[in-house]
Amino acid sequence: MSATATGAATEVTFLEAIGRALADEMRADDRVFLIGEDVGRYGGAFRVTAGLLDEFGPRRVIDTPISESGFTGAAIGAAMMGLRPVVEYQFIDFIANAFDMVVNFAGTNRYRWGQKVPLVLRGPSGGRVSGSAFHSANPEAYFHRAPGLKIVYPATAEDAYGLLRAAIRDPNPVLFFEHKYLYRRVKGTLPEGLETLPLGRARLARAGRDLTVITWSAMVHVALEAAATLAAEGIEIEIVDLRTLKPMDEAAILASVEKTNRALVLSEEPVTGSVAGDVAARIAERAFWSLDAPVARVGCLDTPVPYSPPLEDFYLPNAAKLAARVRELVSG
Amino acid sequence: MTTSASPLGPLHPDVEPRRERLAATALPRESQLELYRYLQLNRRLEDRLTNLYRQGKVVGGLYSSRGQEAISVGSAYALGPRDVVGPLIRNLGSLLVRGVAPREILTQYMARGTSPTGGKDCNLHFGDLARGLVSPISMLGALVPVLAGVALAAKYRGEDSVALTYIGDGGTSTGDFHEGMNLAAVLEVPLVVVAEHNGYAYSTPTERQMKIKDLAQRAVAYGIPARIVDGNDVLAVYEATRQAVSEARAGGGPRMLEVKTFRMKGHAEHDDAGYVPPELFERWRARDPIARFERHLADEGLATRAELDAILADVDRRLDEDVDFALASPWPPPERALEGVYEEGET
């Protein structure tokens, strides 16, 4: 293993895992650089890039004016010239300002004229922190149907580390969403020698026999919480953590559903037009005859993300809501 | 001096100089004849495309650079082999100067399987970094930050190549233009932006797009040096671009040129431009960049009529061959539509 690999196994937070992945890829490859708002001296709004300016200097850690479309476009241009930019959005909500660059340009170049765009677009996402409508986005559905992009949305520190390094090495534009609720609450151990984990592969987060919950990111932890409650009642749910939404590990989804004969898709998105809907459709099309119950979706309200904790709690899925829906499906 | 401080804009005919002499240049005769060849290739290829469009052979829209050829040709001619260009829809001449063959353009417009994109995209919408070309982007302004990033990559690697892109008067109102110009200025990257002031954004005249007279005024706000250039003088465009490229290459940061010109057709072939006062067309027809350059070549004793005719005959022969090639080219196989969304493997 090269010097870029982690040394002995170490416990890190989800946030530290991401910072380490960036630093390790930058040490391994001079083409990798960071660009975004306040990523340099300040170390990013959440301090993910803290210390990287000191180690790598302003050539490779580039602070920009507030111009998401501008610096995303510049990163695409640099990527086309053979560099490996990693773009940080201060909050992933602000990627909306760069939507044209990401969807119309970055995602289409390979198809239209054969030009690869090796690029990572990353930032803090998700709610449950009273961030309100402009600082709580889960934007995966906006990009899920856009051709040419990959979408990674990890739930654990180990996955965040290994998948981010894989995303940086991938020759395509990769959206890498980091649920901010997990940044300092989730810890994990990076195994000795870990470099990359493959994109496009789901992870079995829990084995069970009665129903499959397909989910990703922070909702994996909600599903695990519900699983403990349900196990006490004799209901064993299986949890498939997709980790990568695009490409989606459909084989892992179908294999689990064919075993448990029930499927529920849990996600932190408004249900209408969600990625969860795409997962449910795939199950309905390809595993219909294995199903003992309708495919269910548990997600957010079809509203903007509200601010006040009672409102946001009501808006978000949680373990109790999930468990209630699982009971209906299993007993039905 | 190759540039003029006075506005040459279509909206200010009273101050339009009547100057017939083209800008001074040290370009040798052979190079000037090469410029002439590119100008004529640009115009005559577009004339062929207009005919093919009327025959229903062009399956999408057709966009003309008529009257603006000197800008594309003159600016691209000022670049070095490792420089990178991001052209827009009216920059056919830039592609030709970078070595794109007419048949590539013809098969693109005609959506044939032999086109550079294999039928996947239209008109000039392809790139080839081996020839220093980035694909145009229809969303105007977007190329400015993208080419700023191309320039950033050169600076990152310590290379001295320069990125050049174009914008129209309409495109300078976009957020991407602003973000790209400002970013390029702050990052001090070697970017040259050629702003073509051709009087109309589709049907909207400049005075309905902005409250300033010169696009160069926009550059002032970014701290980017800009010059106003006669866009219908290929030598002026060449010399001004050469100077701007040289300054950017030397580490001076971005540069902008405002080139005053006029769009001599509608936005696209379907548009009869009935909203343009006929006298504007007349005034600008008298300033046609190719006719002016021909007179310059004759006045300076650089070419005889017979020599120019020989160039034209060669251009026409080349176009005959390439039109035949495009017409004989097959459609792409339908299942190609599935191919190439992702790059496979690690980098």
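The values are calculated or read from the model by the stated rules, or taken from the named source; none is laboratory data. All values reported here derive from a predicted model rather than from experimental measurement. Neighbour counts run over all protein chains shown; Cβ positions are idealised from the backbone, glycine included. Protein only, heavy atoms only, side chains kept; ligands, DNA and RNA dropped before computing areas. Shrake-Rupley method; radii C 1.70, N 1.55, O 1.52, S 1.80 Å.
Here is how the numbers come out for the structure above:
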item	result
Single condition B:VAL193 does not satisfy, out of (1) open to solvent by 20 Å² or more (accessible area, probe 1.4 Å); (2) part of a strand (DSSP E or B); (3) within 14 Å of chain A (Cβ to nearest Cβ)	(1)
Some residue of region A:61-74 being more than 8 Å from chain B (Cβ to nearest Cβ), under 16 Å from A:ILE168 (Cα atoms) and not acidic (Asp, Glu)	yes
Residues of region A:251-269 satisfying the condition of being more than 16 Å from A:VAL220 (Cα to Cα) and either charged (D, E, K, R) or in contact (Cβ under 8 Å) with a residue 60 or more places away in the chain (or both)	A:GLU258, A:LYS259, A:ARG262
Verdict on B:LEU215 being open to solvent by less than 10 Å² (accessible area, probe 1.4 Å), of a type outside the set (Gly, Ala, Ser), in contact with an Asp or Glu (Cβ under 7 Å, 6 or more places away or on another chain) and more than 9 Å from every other protein chain (Cβ to nearest Cβ)	yes
Some residue of region A:239-253 being within 14 Å of another protein chain (Cβ to nearest Cβ), in a loop (DSSP other than H, G, I, E, B) and over 16 Å from A:VAL298 (Cα atoms)	yes
Scope region A:8-24; condition within 19 Å of the chain's Cα centre (by Cα) and either exposed (fewer than 15 other Cβ atoms within 10 Å of the Cβ) or not polar (S, T, N, Q) (or both); matching residues	A:VAL12, A:PHE14, A:LEU15, A:GLU16, A:ALA17, A:ILE18, A:GLY19, A:ARG20, A:ALA21, A:LEU22
Pick from region B:124-137, criterion surrounded by 15 or more Cβ atoms within 10 Å (Cβ to Cβ) and among the small types (Gly, Ala, Ser), ranking: nearest to B:GLY170 (Cα to Cα)	B:SER135
Helices (runs of 4 or more DSSP H) enclosed by region B:252-347 - at least 1 residues per element that are under 30 Å from B:ARG112 (Cα atoms)	B:305-328
Of all residues making up region B:71-110, the number that are surrounded by fewer than 23 Cβ atoms within 10 Å (Cβ to Cβ) and among the acidic types (Asp, Glu)	1
Tabulated pairs, region B:128-157, first more than 8 Å from chain A (Cβ to nearest Cβ), second open to solvent by 20 Å² or more (accessible area, probe 1.4 Å) and among the hydroxyl-bearing types (Ser, Thr, Tyr), C-beta under 6 angstrom, 6+ apart or interchain	B:LEU140/B:THR174; B:GLY141/B:THR174
Flag for A:SER132 being open to solvent by less than 10 Å² (accessible area, probe 1.4 Å) and touching a residue at least 12 places away in the same chain (Cβ under 8 Å)	no
Filter result for B:GLY113 (open to solvent by 10 Å² or more (accessible area, probe 1.4 Å) and in a loop (DSSP other than H, G, I, E, B))	yes
A:VAL12 being under 26 Å from A:GLY127 (Cβ atoms), more than 12 Å from chain B (Cβ to nearest Cβ) and part of a strand (DSSP E or B)	yes
Search result, residues across region B:265-297 that are open to solvent by 60 Å² or more (accessible area, probe 1.4 Å) and farther than 24 Å from B:LEU45 by Cα	B:GLY274, B:TYR275, B:PRO278, B:GLU279, B:ARG283
Subset of region A:43-92 [surrounded by fewer than 22 Cβ atoms within 10 Å (Cβ to Cβ), more than 18 Å from B:LEU187 (Cβ to Cβ) and out of contact with any helix residue (DSSP H, G or I) (no Cβ under 8 Å at 6 or more places or on another chain)]	A:ALA45, A:ASP54, A:GLN90, A:PHE91
Scope region B:180-190; condition at the interface with chain A (Cβ under 8 Å from one of its Cβ atoms), in contact with a Phe, Trp or Tyr (Cβ under 8 Å, 6 or more places away or on another chain) and open to solvent by 10 Å² or more (accessible area, probe 1.4 Å); matching residues	B:ASN182
Selected residue (criterion: farthest from A:ALA202 (Cα to Cα)) from residues of region A:236-282 that are crowded, with 17+ Cβ neighbours inside 10 Å and basic (Lys, Arg)	A:ARG262
Where B:ILE105 falls short, out of the listed (1) assigned to a helix (DSSP H, G or I); (2) within 9 Å of another protein chain (Cβ to nearest Cβ)	(2)
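One line per residue, one yes/no per condition, for (1) aromatic (Phe, Trp, Tyr); (2) within 23 Å of B:ALA286 (Cα to Cα):
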| site | (1), (2) |
| --- | --- |
| B:LEU39 | no, yes |
| B:ASP47 | no, yes |
| B:PRO102 | no, no |
| B:TYR109 | yes, no |
| B:THR114 | no, no |
